[in-house]
Amino acid sequence: MKQKELAEFTDQELLQEAKKIKSTNLNDALIFGILIGIAIYSAVKNGFGLLSFLPLLYTPIAAKNRIRNKEVEDLLKKRNLK
């Protein structure tokens, strides 16, 4: 199933999407923090290796989530919903 464009969302769907933003931000921060912890532990224990650069693999995913969240917030302001 193809994901709908944000502009096609109804007001109610957009408000539901805005509620998901907080949990998405928390999840991204939690995952990124865990990955940084793993990288630091790996670097201290074994020197720099593959696990030291693990947070770099998650960075594009977090950036994509952040861009989508920004688009949702902009659309909410445009429709005067928030």
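A short reminder: the numbers here are calculations on the coordinates, not readings from a lab. Just so it is clear, the model here is predicted, and its values are computed rather than measured. Note that we place each Cβ from the backbone using ideal geometry, even for glycine, and neighbour counts take in every protein chain shown.
To make sure I understand the rule: partners must be aspartates and glutamates, Cα under 16 Å from the Cα of LYS22, and not fewer than 8 residues away in the same chain. Which ones qualify?
Within reach: GLU13, GLU71, GLU73, ASP74.
Say the dipole of segment 10-78 comes from +1 at the beta carbon of Lys and Arg and -1 at that of Asp and Glu; which of ILE38, PHE48, ILE67 then lies farthest toward its positive end?
PHE48
List the GluC sites (Glu not before Pro) within the chain that DSSP assigns to loop and that have no more than 13 neighbouring Cβ atoms inside 10 Å. Show your work: numbers first, answer last.
Numbers: sites: GLU5, GLU8, GLU13, GLU17, GLU71, GLU73; in loops: GLU5.
For GluC sites (Glu not before Pro) across the chain that sit outside H, G, I, E and B with at most 13 neighbouring Cβ atoms in 10 Å, the list reads GLU5.
Given Cβ point charges of +1 (Lys, Arg) and -1 (Asp, Glu) and nothing else, what value in debye, to the nearest 20, does the dipole of the chain about its Cα centre take? Walk me through the intermediate numbers first.
Values: 14 positive and 9 negative charges, 20 e Å.
The calculation lands at about 100 debye.
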